[in-house]
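Working notes, structure below.
Rule-based calculations on the coordinates, nothing more; no lab input. Predicted model, so just to flag it, every value in this text is computed and none were measured. No Cβ is skipped: glycine too gets one built from the backbone with ideal geometry, and neighbour counts run over all protein chains shown.
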2 protein chains.
Amino acid sequence: MTRIPFNTMQEVIAEAFGRAGMSAQDAQTCARIHTESSCDGVYSHGLNRVARFVDYVGRGWVDTGAKPEPVKSLAALEVWDGNRGPGILNALAATDRAMELAAQNGIGMVAMRNTTHWMRGGAYGWHAADRGQVAICWTNTESCMPAWGAKEPRLGNNPFVMAVPRAGGHIVLDMAMSQYAYGKLQVTRLKGEKLPFPGGYDKDGNLTDIPGPIEESMRILPMGYWKGSGFAILLDTLAAVLSEGLATDQIDRIGEGSCTGCSQIFIAMDPAQLGGAAFTDRVGDGVAGYVTGSPPAEGAREVLYPGQIEIRMRKDQIENGIVVDDGVWAEVLALAGRTA
Amino acid sequence: MTRIPFNTMQEVIAEAFGRAGMSAQDAQTCARIHTESSCDGVYSHGLNRVARFVDYVGRGWVDTGAKPEPVKSLAALEVWDGNRGPGILNALAATDRAMELAAQNGIGMVAMRNTTHWMRGGAYGWHAADRGQVAICWTNTESCMPAWGAKEPRLGNNPFVMAVPRAGGHIVLDMAMSQYAYGKLQVTRLKGEKLPFPGGYDKDGNLTDIPGPIEESMRILPMGYWKGSGFAILLDTLAAVLSEGLATDQIDRIGEGSCTGCSQIFIAMDPAQLGGAAFTDRVGDGVAGYVTGSPPAEGAREVLYPGQIEIRMRKDQIENGIVVDDGVWAEVLALAGRTA
């Protein structure tokens, strides 16, 4: 484990993306989002995901030169085609446009079809909240989780994001529909540990907290059993209907890695035109204060609101450098044409 | 257990509501929603909830004469005040207005503050889908569930609804943020059974599937542990911010039963102006077919999409009458001034 300064990490990732064919400005933007993700502790979609993105570009699954474009406009709702450009750039463009539509109409939405992996979904929630807006975003994905009562993965884990701006720290939820990510299963298995709670079924249909047999069966558990399963189904259907794009059953037929060809929704609302920033802060402070002031349960030290861990990690890692796995860092340095 | 014809049930409930002071038309509308809920198998918020509503009216917690009114308009987003009128009437007015705004702008939203219990949240999803629109609705509530890692209930269970129209049967999700409703705990306890999965903590902080100790501690489990907790926090914050209304911490101070003074969000999108009804059906058919065609897990007979059970129950109970608990039916007959 080494700690790398924020600016250094961003610079190196940008070089790697530049060598993969992105323009200097696009490479900087994507590198910033990856670096911010690692900085906030979302390592899986930060530095650790750079090599896979570069691989997808090499395979022709992401078109670094493609630009997203509006294909339909209905006053407050626009449909865009992502043209399989870099998911981060498409998602930022969609979030910015949804915020413009919200500034004009109170609420605004961009439904983006035919895009690619947006990396960390929370990035677009934080992006909107930093600009004073409320955001709801989600994406569908290829199948990676069985529906409730089913044996075979036919649902995406369909990450879902909600964000509210707050001077004292935005309140941001970023969750996938599976109880655990496959990355969490892998990390837990490598440590020889069990999951805190059952995370899926083994190949014989036994619910288990041992990660290996779940990775093998691909029978990962939807959060809240039937609830996460149902929520994933609705997120998928809405994403495809509203973007005139593809649902999970159709993304599965593309077979070009994770999320290639997926559909995404970006909804923004403008609280400046509602109660204003001071009112929004009062509501957020009330909710956050009430929750964090709860007496902790046995064994718990404190009660947190969504986004609070990210804010703490960010503060620490901006001051002290971002923790990296040495092997991953060496790999990204090599992609940037540098030697470790 | 007796079976009561749909029309008879609606008529009797309407009489009960009329005697509680509602106009004939309002009583009919509310009675229809309660009857439809029972008919779809959502008994808790159908016939079984009539007496409690009448009680709330008697206490002055619901104003049967109040009408909801718009207080702010931002093109595609309107803020309404529910004036503590009947939650069903307020929610129907909000859904209808959100759909009008969606027809004009692609997407429309009504944020309703100061309203009362909307009964079955799914009602508004089905209502919109019946009219060809996509809907996302949610409400906040008084505290009934601890945040993740906390001992004391400070979160609402904040029901959340998503609906997509489909000629072959709408796809409709209607879920609260707790893994189980208190009603489910009670029913399971009365049968002397265990919950299918752990549903909360006893007073000493042990996770348990025995309902009694959870009812006693009020430490009901959020669905997906930290995920349902975080989702509940965001639904609450957004509902209050966008309606310029109250969040759970403030609703708790009102102390006038369930949901009095709560904040609700109604978002509609118009797929007729996107891919059109045939495209929307194709997407829904694709998703539903993929999911329901999954090989069932060990012990499961079939795999269902959200809304499918309700459609089956509705068909059966419209044909054969709606199953009622005889005691509850007698109570509602008495409220209607009839003898059993």
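Within a 10 angstrom radius of each residue's Cβ in B:162-171, how many Cβ atoms of other chains show up on average? Whole number is fine.
Working: counts 7, 3, 8, 1, 2, 0, 0, 0, 0, 7.
The per-residue average across the peptide is 3.
Sorted largest first, the principal axis extents computed over the alpha-carbon atoms of segment B:59-129 equal 41, 26, 14 Å. Its alpha carbons considered, chain A gives a radius of gyration followed by a Dmax of 19.9, 55 Å.
Under the classification rounded if a/c is under 1.5, otherwise prolate if a/b is larger than b/c and oblate if not, where does segment B:247-300 fall, given a ≥ b ≥ c as square roots of the Cα gyration tensor eigenvalues? Could you put the intermediate results ahead of the total?
Values: a/c = 5.96, a/b = 1.66, b/c = 3.60.
It is oblate, given that a/c is not under 1.5 and a/b is not larger than b/c.
Restricting the calculation to Cα atoms, segment B:72-205 yields a radius of gyration followed by a Dmax of 17.5, 54 Å.
Sorted from closest to farthest, the other copies place their B:GLU152 label points 5.2 nm away, with each point set 7 Å from Cα along Cα→Cβ.
Taking neighbour counts of Cβ atoms within 10 Å as a proxy for exposure, in what order, fewest first, do A:HIS170, B:HIS45 appear? Numbers along the way, then the final one.
Numbers: A:HIS170 23, B:HIS45 27.
If I rank by nearby Cβ atoms, fewest first, I get A:HIS170, B:HIS45.
Here segment A:285-340 was treated as a single set of alpha-carbon atoms; its pair distances binned every 5 Å from 0 give 4, 15, 13, 15, 13, 11, 8, 6, 8, 5, 1 percent. Segment B:1-151 has equivalent-ellipsoid semi-axes of 25, 19, 17 Å, by the square roots of 5 times the alpha carbon gyration tensor eigenvalues, sorted largest first.
Distance between the pseudo-spin-label points of A:PHE197 and B:LYS315 (7 Å out from Cα toward the beta carbon): 3.5 nm.
Can you give me the relative contact order of segment B:1-60 as a percent, contacts being Cα pairs under 8 Å and 6 or more apart? Working shown, then result.
Numbers: 46 pairs, mean separation 17.8, N = 60.
Relative contact order of segment B:1-60: 30 percent.
Distances between equivalent label points of A:VAL187 across the copies, with each point positioned 7 Å along Cα→Cβ, amount to 3.9 nm, shortest listed first.
Between copies, B:ASP325 shows label-point distances of 5.3 nm, shortest first, with the point placed 7 angstrom from Cα along Cα to C-beta.
For B:THR292, B:THR248, the sequence from fewest to most other C-beta atoms within 10 Å is B:THR292, B:THR248. Legend: ranking of residues A:VAL164, A:VAL291 from fewest to most surrounding C-beta atoms inside 10 Å; resulting order A:VAL291, A:VAL164.
Taken one residue at a time, the phi angles of segment B:157-173 give Karplus couplings (6.51, -1.76, 1.60, θ = phi - 60°) of 8, 6, x, 10, 10, 9, 9, 10, x, 7, 4, x, x, 4, 9, 9, 9 Hz. Gly and Pro are set to x. For the pair B:SER73 and B:GLU216, a Förster radius of 41 Å applied to the C-beta separation gives a FRET efficiency near 0.30, rounded to the nearest 0.05. Shown here is the pair-distance distribution of segment B:1-46: with all Cα-Cα distances grouped in 10 Å bins from zero up to the longest one, the shares run 32, 53, 15, 0 percent. Mean projected area of the Cα convex hull of segment B:209-319, taken over all directions, amounts to 12.3 nm². At full extension, A:THR2 and A:ASP55 could sit 16.6 nm farther apart than now, given 0.36 nm per residue minus the alpha carbon distance. If you find the alpha carbon centre of segment B:156-233 and of segment A:182-243, how far apart are they in angstrom? If we compute the Cα centre of each part, the gap is 19 Å. Considering only the Cα atoms of segment A:6-95, their convex hull presents on average a projected area of 6.1 nm². Counting only other chain Cβ atoms within 10 Å of each residue's Cβ, the peptide B:299-306 averages 5. Bridging of A:LYS67 to aspartates and glutamates at a Cα separation below 14 Å is possible for A:ASP26, A:ASP81, once same-chain residues fewer than 8 apart are set aside. Alpha-carbon geometry of the protein assembly as shown: the Rg and the Dmax are 24.6, 88 Å, given in that order.
As a calculated quantity, the FRET efficiency between B:ALA24 and A:ASP204 at R0 = 60 Å, using C-beta atoms, amounts to about 0.50.
Counting only other chain Cβ atoms within 10 Å of each residue's Cβ, the peptide B:218-225 averages 4.
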